[in-house]
Amino acid sequence: MSTDEILDYDSAFEKYEPVLGFEVHVELNTKTKMFSSAPNEFGDDPNTNVNEVDLGLPGVLPVVNKAAVESSIKIGLALNCQIAETCRFARKNYFYPDTPKNFQTSQYDEPIAFDGYLDIELEDGEVFRVEIERAHMEEDAGKLTHMGGAAGRIQGADYSLVDYNRAGVPLVEIVTKPIVGAGKRAPELAKAYVAAVREIVKNLGVSDARMERGNVRCDANVSLRPIGQEKFGTRSETKNVNSLRAVEHAVRYEIQRHGAVLESGEKVVQETRHWHEDTRTTTSGRPKSDADDYRYFPEPDLVPVVASREWVEELRATLPEPPAEHRKRLKAAWGYSDLEFRDVVNAGVMDLIEETVAAGLKPSAARKWWMGEVVGRAKVAEVDPGELGITPDVIVQVNGLVEAGKINNKMASEVLDGVLAGEGTPEEVVAARGLAVVSDDGPLLEAIDAALAAQPDVAEKIRGGKVQAIGAIVGGVMKATRGQADAGRVRELILEKLGVEG
Amino acid sequence: MTQEIIRSTAAQLAEKLAAKELSAVEVTQAHLDRIAEVDGEVNAFLHVNTQEALAVAAEVDAARAQGEELHALAGVPIAVKDLIVTVGQPTTAASKILEGWHSPYDATVVKKLRAAKMPILGKTNLDEFAMGSSTEHSAYGPTRNPWDLDRIPGGSGGGSAAAVAAFEAPLALGTDTGGSIRQPASVTGSVGVKPTYGGVSRYGAIAMASSLDQIGPVSRTVLDSALLHEVIGGHDPYDSTSLQESWTGLAAAAASGDVKGLRIGIIKELHGEGYQTGVENRFNESLELLKAAGAEVVEVSCPNFQYALGAYYLIMPSEASSNLAKFDGVRFGLRALPEDGPMTIERVMGATRAAGFGDEVKRRIILGTYALSAGYYDAYYGSAQKVRTLIQRDFDAAFAQADVLISPTAPTTAFKLGEKLNDPLAMYLNDVATIPANMAGVPGISIPGGLADEDGLPVGIQFLAPARQDVRLYRAAGALEKLLEEKWGGPLLAQAPVLGGAK
């Protein structure tokens, strides 16, 4: 495998500008498959979720899954698309063993949704509009596992295993129009676009939207053209880039690779590219010409899908609030600053805070816990905050313990460690680790006396009405009790002792 | 006794079974015996389903003895074209590529036969994947015409037609993509019906051309076809193209025998030049009989029918090329390995298809692949679809003038085995009168019209009706059958040479 030359990222932009295009495949989470009654279920034993239709046995006929059509219309609406009043399926003919009929039932020139757009908000708040060409329905192929040989490819394999569980799973393929004008932010836009699509389908409830399971898969088209030139350059299509980070890296890499090819006076080859996460590079796949002949023709075994305007409007009425608007509303309701809110979103804890607030916490408290206690731990563990093991419920319980004066903030952090270590609920961790604050006033009063005696000038200030000076005394008490005291109670007792109103 | 049983119609057998004059086992055994006696010569069957057929018959007899309510055709045996999948019997489509394959599921029509408790005698021969008009393209040897064993029984459903004509079965199922039920009926002196497209579920019929294929009844009388049509018709949620209609009143229409006031349109383009003299004579004779019985005969013109054959030979192979792609040796059926060179999946698929498909199948796959190719699609497949629309308009105009249309079913009587085997175009021309119905989705029937003067072989008369008006076919055909049989003094098949030991 030869290594391609790449150009320094910034240098690529001295002469060229990138043009992007994305094909995002979304697996729908319908109960059954696109054209058969077999279960649409991930992770079962190979070839168990299949019937005669999925296997393409002689004599079978497809029947369109109405729930899949509904989901497709919802996706179209969420992408601000027109919905076709009537549209047909077509057969895409090619021989490959993951496709049991040796044709894929797809949509060709009559997609169910077309002419839409999506406004993508970049990290700094800049909004970039991506035009959607179409969103069409199709069926997924089976899964091949190539055994022996190198790199898990069919070339050189000794034999291949095929699992048809995925064959016939409903897919919606979302195709953008060419995206121009992103400039150096192209990789960032790429990531944000795929993230937005994933968020939309998840929010609609039409897909499990788990990229690591292939529920959302991205093919990224990249080309460069000399600045000022109208005509697009030759594109490459990097297939199956299956994480948000990989989308960003793949686009960045391809810009650099194309730049080097063009700078050396060569021509970019129109082809598919394979993404390698380990090296963060792509390698050559198969040549892809615009004249690939799939001998498309209308699927004669299916009647056209008719989407009456009434039905479309009924579905539109069921759409949940779009994620971008949802965010705007939450930001206003929570009273966060721009910066605070962006941090929350970028840290991936917005949904978690939303659940926590819904459970009764103040937005400021919820943010404090998630940003202060959970995000850092998640980063260390290299997982998403939601996957760390701290639930909104745990946060609510811990916060409750603090507010009740049973533990203080420092202990709260220890309680979370305990929960993560599998020691049980927050209450159980408090009990097991003996973390309760000292609530017997006796020892506290002793410590307060000692602290006041040690800082007589501060005591005098407080007596004189400068209550804000009390921190020094509280600090002294906390130090003396090694943090076991309830700071709030300590404060009350000091004021009482000095005869000052708090 | 056996002779009496096998020469009975399905309706007569049903009556005798209901009256307990005959048992289902007797009836089934008589047909199995007949198959054993004559099928060595005829080769109508690719598989005989002795055990299961007798078991079903015994079930019927037991149920009847218990006084259970049974379907009218319960215990009446039937043969099934081997293009239709059946659990418990092999399904080959008369191709080497499916030799020995057993379907794990039943076709919807087979489920309906089982629900009616009709014993399935076996699977009948056909041109490979229903591609042909003579049954000579079967990978398992040709079926022979019971009227003359040196002649073809028509095709693709030559096996089903010959089986009923040779009294091996009272009923059979066929499939009709361009005439595969009606043309065999025509050349064997039997009855065959292509229902309205969508009238009978296609689920489990191995597809040749999805937009043209239709399963239908094969029998010796119009009434028997009507009775079978009522069993197999109706909506199927497994076939998106199936109609919502339920089919009743067909048998009553067949039995009514009345054409008084019926407007019958002669299709100007479907007789005369290119039609054998004896065929033309019998056709004219039928017209006279119908007129005498009070029908109003008018002439209609369908000018676009001249393009039907050409358009058919673009649409059919296009769809077939895609439908037959699944036969690749990966999941089922034959797998052939390349004799030399690298063992890649493409080469295994290629070797399998090279070894498993016959010449006619390959010819159509190549034609269809070409017609669908980028750059040719509009000129070929696209234009052919436009012709289809024009043919539908011709039918609409014709049915504005007539209740049913009439023509000879085929331009000639049965030709000799081998006569047209090396001339595909001559073979294709056989279907010139039957193809328009498939292109427009309208129903058609072929019934015996007598024997041609020059060769003494059967001639078929075809009626066509508007989509969903299958009942009109039965009314018109039932009436003509009655008029002709009065003239002949009995069914045409009574004049057929006697096969087997009882000479």
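Output the residues belonging to the stretch B:57-90 that are crowded, with 24+ Cβ neighbours inside 10 Å, assigned to a loop (DSSP other than H, G, I, E, B) and touching an Asp or Glu at 6+ places or on another chain (Cβ under 8 Å).
B:Gly75, B:Val85, B:Thr86
Filtering the stretch A:291-311 to residues that are more than 7 Å from every other protein chain (Cβ to nearest Cβ), of a type in the set (A, V, I, L, M, F, W, C) and surrounded by fewer than 18 Cβ atoms within 10 Å (Cβ to Cβ) leaves A:Val306, A:Trp311. Each residue in the stretch B:394-443 was checked for being part of a helix (DSSP H, G or I) and closer than 14 Å to B:Ile267 by Cα, and 11 pass. A:Ala412 fulfils the conditions (1) in contact with an Asp or Glu (Cβ under 9 Å, 6 or more places away or on another chain); (2) in a helix (DSSP H, G or I); (3) within 22 Å of A:Leu244 (Cβ to Cβ) except for a single criterion, (3).
Look at (1) crowded, with 20+ Cβ neighbours inside 10 Å; (2) away from chain B (no Cβ under 14 Å); (3) without any contact (Cβ under 8 Å) to a residue 12 or more places away in the chain and you find that A:Pro18 fails only one, number (3). Is at least one residue of the stretch B:198-214 away from every other protein chain (no Cβ under 14 Å), in a loop (DSSP other than H, G, I, E, B) and surrounded by 24 or more Cβ atoms within 10 Å (Cβ to Cβ)? Yes. Looking at A:Val247, A:Val241, A:Val206, just one residue is under 17 Å from A:Phe42 (Cα atoms) and within 25 Å of the chain's Cα centre (by Cα), and that residue is A:Val206. Counting the residues of the stretch B:370-383 that are in contact with a Phe, Trp or Tyr (Cβ under 8 Å, 6 or more places away or on another chain) and either aliphatic (A, V, I, L, M) or more than 11 Å from chain A (Cβ to nearest Cβ) (or both) gives 2. For B:Ala163, the requirement of being aliphatic (A, V, I, L, M), part of a loop (DSSP other than H, G, I, E, B) and in contact (Cβ under 8 Å) with a residue 40 or more places away in the chain is not met.
Scanning the stretch B:118-137 for residues that are at negative phi, surrounded by 24 or more Cβ atoms within 10 Å (Cβ to Cβ) and part of a loop (DSSP other than H, G, I, E, B) yields B:Met118, B:Pro119, B:Asn125, B:Leu126, B:Asp127, B:Met131, B:Ser133, B:Ser134, B:His137. Of everything in the stretch B:471-495 that is in contact with a helix residue (DSSP H, G or I) (Cβ under 7 Å, 6 or more places away or on another chain) and of a type in the set (Gly, Ala, Ser), the residue that is nearest to B:Ala252 (Cα to Cα) is B:Gly478. Scanning the stretch A:54-109 for residues that are away from chain B (no Cβ under 14 Å), part of a loop (DSSP other than H, G, I, E, B) and free of Cβ contacts under 8 Å to residues at least 60 places away in the same chain yields A:Asn80, A:Cys81, A:Gln107.
Against the test of being more than 30 Å from B:Lys482 (Cα to Cα), touching a residue at least 24 places away in the same chain (Cβ under 8 Å), within 14 Å of chain A (Cβ to nearest Cβ) and among the aliphatic types (A, V, I, L, M), the options B:Ala351, B:Ala320, B:Ala355 yield a single qualifying residue, B:Ala320. Tell me, please, whether a residue that is closer than 26 Å to A:Gly233 by Cβ and either away from chain B (no Cβ under 14 Å) or surrounded by 11 or more Cβ atoms within 10 Å (Cβ to Cβ) (or both) can be found in the stretch A:312-325. Within the stretch A:312-325 (the criterion being closer than 26 Å to A:Gly233 by Cβ and either away from chain B (no Cβ under 14 Å) or surrounded by 11 or more Cβ atoms within 10 Å (Cβ to Cβ) (or both)), the answer is no, since none of the residues qualifies.
For the stretch B:245-303: of the residues being aromatic (Phe, Trp, Tyr) and outside any helix (DSSP H, G or I), which is farthest from B:Ile445 (Cα to Cα)? Per the criteria, the residue is B:Tyr275. Quick check on the stretch A:304-326. Is at least one of its residues closer than 17 Å to A:Glu70 by Cβ and of a type in the set (Lys, Arg)? So far as the stretch A:304-326 goes, yes, one or more of its residues are closer than 17 Å to A:Glu70 by Cβ and of a type in the set (Lys, Arg). Remark: B:Ala308 matches the filter, which requires a residue to be under 24 Å from the mean Cα position of the chain (by Cα) and either part of a helix (DSSP H, G or I) or of a type in the set (A, V, I, L, M) (or both). Going through (1) in a loop (DSSP other than H, G, I, E, B); (2) within 21 Å of A:Gly125 (Cα to Cα) one by one, A:Leu361 falls short only on (2).
Of the residues making up the stretch B:91-117, those that are in a helix (DSSP H, G or I) and within 12 Å of chain A (Cβ to nearest Cβ) are B:Ile97, B:Leu98, B:Thr108, B:Val109, B:Val110.
To keep it simple, each residue is scored yes or no on (1) outside the structural domain of A:Ala196 (by TED's automatic domain parsing); (2) more than 17 Å from A:Lys177 (Cα to Cα); (3) free of Cβ contacts under 8 Å to residues at least 24 places away in the same chain; (4) β-branched (Val, Ile, Thr).
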| residue | (1), (2), (3), (4) |
| --- | --- |
| A:Thr234 | no, no, no, yes |
| A:Val241 | no, yes, no, yes |
| A:Val247 | no, yes, no, yes |
| A:Glu254 | no, yes, no, no |
| A:Ala260 | no, yes, no, no |
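Here are A:Arg252, A:Arg245, A:Arg235: which of them is surrounded by fewer than 16 Cβ atoms within 10 Å (Cβ to Cβ) and either of a type outside the set (Ser, Thr, Tyr) or within 14 Å of another protein chain (Cβ to nearest Cβ) (or both)? Working first, answer last.
Numbers: A:Arg252 fails: surrounded by fewer than 16 Cβ atoms within 10 Å (Cβ to Cβ); A:Arg235 fails: surrounded by fewer than 16 Cβ atoms within 10 Å (Cβ to Cβ).
The conditions single out A:Arg245.
Beta carbons closer than 6 Å, at least 6 apart along the sequence or on distinct chains, pair a first residue in the stretch B:379-390 that is in contact (Cβ under 8 Å) with a residue 60 or more places away in the chain with a second that is in a helix (DSSP H, G or I) and of a type outside the set (A, V, I, L, M) for B:Tyr381/B:Ser318; B:Val387/B:Tyr307; B:Leu390/B:Asn304. Has the stretch B:431-443 got any residue that is surrounded by 21 or more Cβ atoms within 10 Å (Cβ to Cβ) and over 13 Å from B:Lys194 (Cβ atoms)? Yes; the residues of the stretch B:431-443 include at least one that is surrounded by 21 or more Cβ atoms within 10 Å (Cβ to Cβ) and over 13 Å from B:Lys194 (Cβ atoms).
Could you count how many residues in the stretch A:415-444 are in a helix (DSSP H, G or I) and crowded, with 16+ Cβ neighbours inside 10 Å?
9
Of all the residues in the stretch B:271-317, those that are of a type in the set (D, E, K, R) and either within 14 Å of another protein chain (Cβ to nearest Cβ) or in contact (Cβ under 8 Å) with a residue 60 or more places away in the chain (or both) number 3. State whether the residues of the stretch A:281-296 include one that is among the acidic types (Asp, Glu) and in contact with a helix residue (DSSP H, G or I) (Cβ under 9 Å, 6 or more places away or on another chain). No: the stretch A:281-296 contains no residue that is among the acidic types (Asp, Glu) and in contact with a helix residue (DSSP H, G or I) (Cβ under 9 Å, 6 or more places away or on another chain).
The values are calculated or read from the model by the stated rules, or taken from the named source; none is laboratory data. This is a predicted model, so every value here is computed, not measured. Note that each Cβ is placed from the backbone with ideal geometry, even for glycine, and that neighbours are counted across all protein chains shown.
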